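Before any comments, here is the structure.
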Amino acid sequence: MRYLLLAGFFLFSNSEASSLDQYRDFLNGTQSARAGFEQKVYDRDGRLVQDTRGSFVFQRPGRFRWIYDKPADQVIVGDGQRVWIYDRQLNQVTVRKVERALGSTPAALLAGGTGIESAFELSDAGKKDGLEWMEAKPRDAEAGFARVRMGFGAQGLAAMELTDHFGQTTRLRFLNLARNPRVDPGEFRFDPPKGADVLGDK
C-alpha cells in the first residue's frame, strides 16, 4: 500500500503566499497534472532502503495513474470507482473501492474531491531546503501514516515527504510537471492482465 499512499502531490503556487494558501490555490486551480518523479525511502535510522523513479498523471476527483519503474515495478490506477494496484513482478492485482482507498490517504489530498480538511489537520510547517512546507496529519487514527509534508517553491509544488508510524520516510521530487494537460480517459482504465491473481473489492 505504500505506493498507493504516494499517488499524488503536484502544482500551482504563489511564492509569496503561505503553504496553506498555495495548497488551496492548487485545489481550486488544478484539475489535472502530469509529471515524472524521483522517490527515495529511508528507514528510521536515516538509511536509504529504496531508490526508484516513475511517472504519474491525475484528474480530479479520484482518477490517476501512478507508475513505478524497477525495482518497485508497480502500476496504480484510480478509475473513480476503484483503485487498482498491480505488482508486475508478482502478476498480482489488489483492488479497493475508491472511498476506502482515498478516504484519508495522501492521495486524497490531490486526486480526491471535497472534504479534505475534514479528513486532515493542515498546518504551515515553515521553510526548509528553499521550500515552503505544509503538513497534513490524518484525523483517522487508523490511517497508515503519521503525516505528509508538501513543499512549495517558485514553480509550484516541488516535493513531498511521507512519514509512517514506524519512522520510515519517503521523499519525492517532481520532474517536468505540467498543470492541467489534456488527458486520455483511457489512462484511468485498468483491465487485470490475463492470469493475474486479483484480490480485494472486486
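Structure data summary
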item: Test: residue in region 103-122 that is buried (at least 18 other Cβ atoms within 10 Å of the Cβ), of a type in the set (D, E, K, R), at pLDDT below 90 and more than 13 Å from the chain's Cα centre (by Cα); result: no
item: Single unsatisfied condition, Ala141 versus (1) open to solvent by less than 80 Å² (accessible area, probe 1.4 Å); (2) assigned to a loop (DSSP other than H, G, I, E, B); (3) at pLDDT 75 or above; result: (1)
item: Long-range neighbours under 7 Å by Cβ, at least six apart or interchain, first residue touching a residue at least 40 places away in the same chain (Cβ under 8 Å) and of a type in the set (A, V, I, L, M, F, W, C) within region 115-132, second assigned to a strand (DSSP E or B) and surrounded by 12 or more Cβ atoms within 10 Å (Cβ to Cβ); result: Leu122/Met134; Leu122/Ala136; Ala125/Trp133; Ala125/Met134; Ala125/Glu135; Ala125/Arg149
item: Those residues of region 53-99 which are among the polar types (S, T, N, Q) and in a strand (DSSP E or B), in sequence order; result: Ser55, Gln59, Gln74, Gln92, Thr94
item: All positions within region 169-188 that are in contact (Cβ under 8 Å) with a residue 60 or more places away in the chain and either open to solvent by less than 50 Å² (accessible area, probe 1.4 Å) or among the acidic types (Asp, Glu) (or both); result: Thr169, Thr170, Leu172, Phe174, Leu177, Ala178, Pro181, Val183, Glu187, Phe188
item: Selected residue (criterion: nearest to Asp25 (Cα to Cα)) from residues of region 155-184 that are among the aliphatic types (A, V, I, L, M) and touching a helix residue (DSSP H, G or I) at 6+ places or on another chain (Cβ under 9 Å); result: Leu157
item: Among (1) open to solvent by less than 50 Å² (accessible area, probe 1.4 Å); (2) part of a loop (DSSP other than H, G, I, E, B) - the single one Trp133 does not satisfy; result: (2)
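Quick grid of which residues meet (1) at pLDDT 90 or above; (2) among the small types (Gly, Ala, Ser); (3) open to solvent by 40 Å² or more (accessible area, probe 1.4 Å):
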| site | (1), (2), (3) |
| --- | --- |
| Arg44 | yes, no, yes |
| Thr52 | yes, no, no |
| Ser55 | yes, yes, yes |
| Trp66 | no, no, no |
| Ala72 | no, yes, no |
| Gly80 | no, yes, no |
| Trp84 | yes, no, no |
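The values are calculated or read from the model by the stated rules, or taken from the named source; none is laboratory data. If you're wondering where the values come from, they're calculated on a predicted model, not measured in any experiment. A quick note on method: Cβ atoms are made from the backbone with ideal geometry, for glycine too, and the neighbour counts reach across all protein chains shown. These accessible areas exclude ligands, DNA and RNA; they are computed on the full protein's heavy atoms, side chains included. Shrake-Rupley method; radii C 1.70, N 1.55, O 1.52, S 1.80 Å.
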